[in-house]
Amino acid sequence: MTIQRVLRVLAIASVTALCAVGGSSTYAQVAPTNVPAGIQLSKDLGRADPSTEINITVHLKLSDKAAFDKAVDALYDPASPTFHKWMTNADLQKYAPAEGQRDIVRRELEKYGLTIVSTDAFGFSIRAHGTISNVESAFNTEIHKFEYNGRVFRANIHKARLSGEVGDYVSSVAGVESHQVRPLSVRAINPGTQKPFPSVPLRANASGFPAGSTTECLSAPATYTLQGSTPLPSGVYSGTGYSIDSSLACDYLPSQLWTVFGLDEVFASGYNGAGQTIVLVEGYGYPTLEADANEFYRLASLPLLNSSNFRIVYPEGKPAEPNAGILTGWNIEIALDMDSSHSVAPGAKIVVVATNGEDNEDFQHSILYVAENDLGKTVSNSYEEDLDLVAGPDEQISWDDTLEVATAKGISVNFSSGDDGDNGLGNPLGAPGVPSDAPHATSVGGTSILNDLSNPGSTITTSWGDTWVYLESAGVVNDPPAPYGLVFGGGGGESVYWPKPSWQKSLPGTGRETPDVSALADPYTGFPIVVTSGTTQYVEYGWGGTSLACPIFSGFWAIANEKAGHPLGQAARLLAALPYGGVQDVLPTTDSSANNVSGTIKAGSGSTKYTASEIFGSSLEGNKGFTSTIWPADFGGATYVLDFGFGLDSSLTVRHGWDNATGWGTPHGLAFIDAVAAAGK
């Protein structure tokens, strides 16, 4: 058992000891302490700087939380008289705590030097600003910094609670425990140089996308003889090839994406997202985002953005540093979200909601702002803050408190499921991320899409799990083949915090299962973006991640809302109620295929044969369904030959129906649009 899996076992034990199902909520667990169990797995970096200024959001206990949960559930029950009769702000206010209780909490926060920033439109929460020292004093705790798996977060080391009776009025607090939100965009890298494919500068008034990509990712099976600088070892391998031309990224342009996802038929039927709004929750924004998006749309012959179909809002105010989004990498994420979502639903309006920080609390506030102001019914979030086993009770509950409000208003808040497979933690639960594991979130996982050599013009879809084995490295034949392991892969698994919601009762396990659905995410079968660097616009090929899958699915959901004629609400619930989710099931390919890579290594002691499965060895994680290809190339004068496995997403495994690698499957064409629209009637 690896150290990561030992930690996983310890984490599960810790959470189990701290939490017990029950309490006043249908979903949340009740814990005797809100100290995150994850700090037991993390390195304590010492006390956080008490002068650091932060925002917190205090979520108040509702007047009748059980009744609110029941009323929200009824909105999604076709047998209920309130089915899809979404709540208004006034409806939500009926469940708010008494104004007197809110006033008492406000005064308690102010007593310790915190400034009240706002109270939401429903009276459910209070946002405040102050120093870490102010927060420690108000909540009778001490806040430290911790590091887990290379990521730093802060958390309370003692139970955080307002004093006396006032503490009884609080459900959860966002911002005391704080994780930096990170975008989930990843780019294909050259396995020899470990660098991405070159970016292509755009010429003025260029027509169409410049050369740099192909959808012919796989080439016909062939035999490859590997001979290093010495006579032995040598190798002979046969199988399908990947990347016919190593200078071309395997990418899908918008028109090619339409064909792959059956959108040509959808558009021909008159549906393109018209009358809908896709909200993209992002960090900071960046100065050229509209110009970059419009250049992409011009190259793709898509409708351009203007004041009637696009706007950007800053709920926390514009960042003081205009280039904050570029300096933190959010410009790439924003470009990917805007380019892909508009490609799928070109008739929908786009609203970018940009934070002025990267703390989880900033992003929760943005989502609440969307719900308060009815900015749109489809919200795409291409980010993650941390693993489910690391985030504590307050962190988890504060996310779901926010998302339940959106769910009540008929908004589907969609999240990327993660880009690192099971994060090395393995079975039985995988490693779901926060906030995609929340019961009121829709979790979007990833797939790879490859050309089908046996049926030209068609494609095959696998789960997204790029796993490499080096057959030859820098001119040396590896005996035995040298595993690199998982490069990228969609996240998923079973929550150790959230119990399984009723709408997932048919699924395995006892915790909330992710993902719910999936779409193209593999950067090695990826998508281009247009982005400005300096004063030049570039097309960058080879982008992906569940950051791509989430806006693709969100575009589909906007079209489904259009077809239904009204908002369908949280996608996850509706999909779970349909036979096999109403989506195109992703099924495992087989390692018995003659096209998968196999070979023989000749060394001084003789010859050793390797089957397709034996080459990957422990990287299979018990998963025998995959597609493997040979990727030979000369990188800077040194020869590298890979066995590239698609569909090997660590321990996450594709099965018929729902699975923890791809959820219920992927949306496809009118069949998907019609199925979900009909279910919403």
Hits in the stretch 90-108 (condition: open to solvent by less than 30 Å² (accessible area, probe 1.4 Å), part of a helix (DSSP H, G or I) and within 16 Å of Ala371 (Cα to Cα)): Leu92
Per-region count, the stretch 600-637, residues in a strand (DSSP E or B), open to solvent by 20 Å² or more (accessible area, probe 1.4 Å) and either modelled with pLDDT of 95 or more or among the basic types (Lys, Arg) (or both): 6
Verdict on Ser448 being outside any loop (DSSP other than H, G, I, E, B), over 15 Å from Ser554 (Cα atoms), at pLDDT 95 or above and under 17 Å from the mean Cα position of the chain (by Cα): yes
Qualifying positions in the stretch 42-89 - more than 16 Å from Leu568 (Cβ to Cβ), of a type in the set (S, T, N, Q), open to solvent by less than 60 Å² (accessible area, probe 1.4 Å) and assigned to a loop (DSSP other than H, G, I, E, B): Ser42, Thr52
Pairs where the first residue, in the stretch 614-632, is of a type in the set (Asp, Glu) and the second is part of a loop (DSSP other than H, G, I, E, B), C-beta under 6 Å, 6+ apart: Glu621/Ser650; Glu621/Ser651
Test: residue in the stretch 520-528 that is open to solvent by 10 Å² or more (accessible area, probe 1.4 Å) and not small (Gly, Ala, Ser): no
Filtered residues of the stretch 419-466 (kept if of a type in the set (A, V, I, L, M, F, W, C), in contact with a Gly (Cβ under 9 Å, 6 or more places away or on another chain) and closer than 21 Å to Tyr148 by Cβ): Leu425, Leu429, Ala431
Residue selected from the stretch 114-163 under the condition among the small types (Gly, Ala, Ser) and more than 24 Å from Leu62 (Cβ to Cβ), by the criterion surrounded by the fewest Cβ atoms within 10 Å (Cβ to Cβ): Gly150
Qualifying residue in the stretch 641-648 (condition: open to solvent by 50 Å² or more (accessible area, probe 1.4 Å), in contact with a strand residue (DSSP E or B) (Cβ under 6 Å, 6 or more places away or on another chain) and over 30 Å from Gly493 (Cα atoms)): no
Residue check, Tyr640 in contact with a Pro (Cβ under 9 Å, 6 or more places away or on another chain), at pLDDT 95 or above, more than 29 Å from Pro508 (Cβ to Cβ) and among the aromatic types (Phe, Trp, Tyr): no
Sole exception among (1) open to solvent by less than 60 Å² (accessible area, probe 1.4 Å); (2) farther than 30 Å from Gln570 by Cα for Lys111, by number: (1)
Selection count, the stretch 560-597, where residues are open to solvent by 40 Å² or more (accessible area, probe 1.4 Å), of a type in the set (Gly, Ala, Ser) and touching a strand residue (DSSP E or B) at 6+ places or on another chain (Cβ under 9 Å): 2
Residues within the stretch 182-229 that are of a type in the set (Val, Ile, Thr) and in a loop (DSSP other than H, G, I, E, B), tallied: 2
Residues (touching a residue at least 60 places away in the same chain (Cβ under 8 Å), open to solvent by 30 Å² or more (accessible area, probe 1.4 Å) and among the small types (Gly, Ala, Ser)) located in the stretch 209-218: Ser213
Subset of the stretch 417-431 [farther than 23 Å from Asn381 by Cα and open to solvent by less than 20 Å² (accessible area, probe 1.4 Å)]: Leu425, Gly426
Some residue of the stretch 584-599 being acidic (Asp, Glu), in a strand (DSSP E or B), under 27 Å from Tyr224 (Cα atoms) and at pLDDT below 85: no
Restricting the stretch 171-191 to residues that are over 17 Å from His365 (Cβ atoms) and open to solvent by less than 20 Å² (accessible area, probe 1.4 Å), the residue that is modelled with the lowest pLDDT: Pro191
Top-ranked residue of the stretch 534-559 - restricted to ones that are open to solvent by 10 Å² or more (accessible area, probe 1.4 Å) and among the aromatic types (Phe, Trp, Tyr), ranked as nearest to Ala206 (Cα to Cα): Tyr538
Every residue from the stretch 230-266 that is in a strand (DSSP E or B), touching a Cys at 6+ places or on another chain (Cβ under 7 Å) and either among the hydroxyl-bearing types (Ser, Thr, Tyr) or loosely packed, with under 15 Cβ neighbours inside 10 Å (or both): Tyr242
Answer from Ala572, Ala549, Ala560 - the residue that is over 19 Å from the mean Cα position of the chain (by Cα) and in contact (Cβ under 8 Å) with a residue 24 or more places away in the chain: Ala560
Residues that are in contact with a Leu (Cβ under 6 Å, 6 or more places away or on another chain) and more than 30 Å from Ala268 (Cβ to Cβ), drawn from the stretch 630-678: Trp631, Val641, Asp643, Ser650, Trp658, Asn660, Ala661
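The values are calculated or read from the model by the stated rules, or taken from the named source; none is laboratory data. Predicted, not measured: the structure shown is a model, and the values here were computed from it. Glycine gets a Cβ as well: all are built from the backbone with ideal geometry, and neighbour counts include every protein chain shown. The accessibility values were calculated without ligands, DNA or RNA, using every heavy atom of the protein model including side chains. Shrake-Rupley method; radii C 1.70, N 1.55, O 1.52, S 1.80 Å.
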